[in-house]
1. For chain B, what does the alpha-carbon gyration tensor say about shape, rounded, prolate or oblate, given a ≥ b ≥ c as the root eigenvalues, a/c under 1.5 as rounded, and a/b over b/c as prolate?
2. Counting only residues 5 or more places away or on other chains, whose amide H sits under 5 Å from the amide H of B:ARG193 once H atoms are built in the peptide plane?
3. Output the 0 to 90 degree angle, nearest 10, between the alpha-carbon long axis of helix B:435-457 and the longest principal axis computed from the alpha carbons of chain B.
4. Distance between the C-alpha centers of region B:137-174 and region B:300-320? Whole Å please.
5. Which of B:MET73, B:MET167 comes first, and how do the rest follow, when ranked by fewest Cβ neighbours within 10 Å?
6. Quick one, could you list the DSSP H helices from chain A stretching 20 Å or more along their long axis (Cα atoms) with average Kyte-Doolittle hydropathy of 0.0 or above?
7. Put a dot 7 Å past each Cα toward the Cβ at A:VAL107 and A:ARG90; how far apart are the dots in nm?
8. Any idea how far apart B:PHE22 and A:SER44 come out in nm if each label point goes 7 Å out from Cα toward Cβ?
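Values in this text are rule-based calculations from the coordinates and carry no lab data. Remember, it's a predicted structure, so these values are computed and weren't measured experimentally. Quick reminder, even Gly has a Cβ in these numbers, built from the backbone with ideal geometry, and neighbours come from all protein chains shown.
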Amino acid sequence: MTIDRLGGAGLLLLALFVAWEDRVLPLGTHSRPGPGYLPLLLSSFLAVLAIILILRGRFSAAFRSVKWPEGRHALAILACCGFATLALERLGYRITMLILLAFLFGVLERLKWWVVLGLSLALSFGSFWVFDTLLKVLLPRGGFGF
Amino acid sequence: MFETLQNLLLGFSAALTPANLFYALMGCLIGTMVGVLPGVGPLAGISLLLPTTFGLNPTAALILLAGVYYGAMYGGSTTSILMRIPGEAASVMTCIDGYAMAQKGRAGPALAIAAIGSYIAGTMSVVGLMILAPPLAKFALGFGPPEYSTLLILGLLVLGYMTGGSMIKNLAMIILGLLLGMIGIDHFTGYFRFSYGIVALGDGIGVVPVAVGLFGVAEILASAGQPTRPEVLKPHLRDLIPSGQEFRDSAGPVGRGTILGFLIGIIPGSAHIISTFISYAVERKVSRHPERFGKGAIEGVAGPESANNAASCGALVPMLALGVPTGPIPAVLLAALMVHGINPGPLFIKEQPVIFWGLIASMYVGNFVLLLLNLPLVGIFVNFLRIPYKILYPTILMFCVVGVYAVNTSVVDIVIMTAMGLLGYVLRKFDFETAPIVLGVVLAPIIEMSLRQSLAMSNGSYAIFIQRPISLVFLVAALVMIFLALKPLIRKGLDWRARLIKAENGDAL
């Protein structure tokens, strides 16, 4: 399987999904197009492009040749983003960032504990001071007031 | 002419206030840092700074963001010359001869010529912007929905062609962006589309989480855990002055790069990258000693760097005069303007002269600030490159979260950013360009509105697009673009886009 064929298949599935979801929206008429008109038109174009990609994708790189050496880091970073989503308004900006940065510096990058502590505290509290206090960008304080 | 000068004076009176001078200075400094640091391109940089401008008046906000824009364009050259790592994509061509010069102990003159060339190109192309934008806006006053529809379609097709790589893939990414831009309330009927009961999606997917996700988070995902970068060279201030011969050799490339860059900047697509590529090719072609290229020819630095900065300015012409962004960075700037209640387009220059001319004047000031500050501060900027990436990327991620959250104070935006980061990461692996997605998201509402209005005007007939002359011209141009894209399928050999990819991959041209 090549990357173009796999990519094309993904896009084709997306086009079919959009067309399926579009069925609940009124299409309207040509003179009065409804909210479903353009999404359907676009998903049709996307399906055509996806099919071309699949048909012409024979000579692209093989999927097996794609390397994911940074995969472990990528997963951990995505998990951190997920944690930030869940914790930001509950724990507050400073505590959330402190935990997030400590995890990335300490667990993922294995820096020395005092570097982890210093950097995490300085960055989380420092960025809060710059954005919230200095630039008046409202950041969440959470249940603990942090 | 007299009116233009009068307006420019009005602009300088707005730009030269102490507060706005400070914002221009800050914008240039932050922009240069953004350009120097790997993983934070100008697009993510502008997006992340957007929330910090909410408390500012529109003129100051625009001055700050524009400063970041051209500061980042300059900053990218520093890493190219000193480390052979382009801070952003437009600096790829500078790597070739800039780094070769650095290896010969001529890093200082390369940096100086890059700065001087950028200054001259930036200043000259502001003159072009000043001359071209007002008449273009006047001309565009005659545009109706059909003209706008075809102009936008042409713009997207040109973007698909100019972005490089496979046009089929680029078009698919544009459509993906347009579909993402359809999420939310349909403004004609009030229907919720693809929002699955999530109220926060009613206003649609914002351009900031999309841009930060695709360019900031995706870059972090792709580079975290990679081996450490090579040693950085640190030039001293006294080494920066180029020789007389180097000045003479650079004059022509700077002039040609300025004109080329400005003209290419107006065309949709990744203008910065393309302009540097074309400028490098032109310089090698016109040189009496083309064999010097790749081995440290100053012309290979002067031309692309000038073209790069001129293109940044050229890209603002259609954005300010027509309200049509030609690439992802102008698209984010457009979104920033809209946040501040300004709608760029044909009426913008007429109705908001202080903001428009203030921006123009601030660009003169900003270019001067860049020249004045960046050369003496190059040693300090270089120090940023010494920060290990394992410390840098968690910091960048923190700024991504805070920047995205602050736009709407909504965690839904962080979810969108994360999803876009993952999407961008996977798309890179599959060799897809992500820039067209951002433009699609921004243009989706404008395209939909103009298309539906056009069809309502014509009672459902698509013939309206060929019955109106301007619209017909745009359609013909769109067809030409499709033909150009199909040409490599018929004729053998590499077209310029394939050669660009080769250059980006570090292969010899």
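1. rounded
2. B:GLY184, B:ILE185, B:ASP186
3. Result, in degrees: 30.
4. Using only Cα atoms to place each centre, the spacing works out to 20 Å.
5. B:MET167, B:MET73
6. Details: long enough: A:3-21 (27 Å, 1.37); A:37-56 (29 Å, 2.27); A:71-91 (29 Å, 1.10); A:113-128 (22 Å, 1.62).
Long hydrophobic helices here: A:3-21, A:37-56, A:71-91, A:113-128.
7. 1.5
8. 5.7
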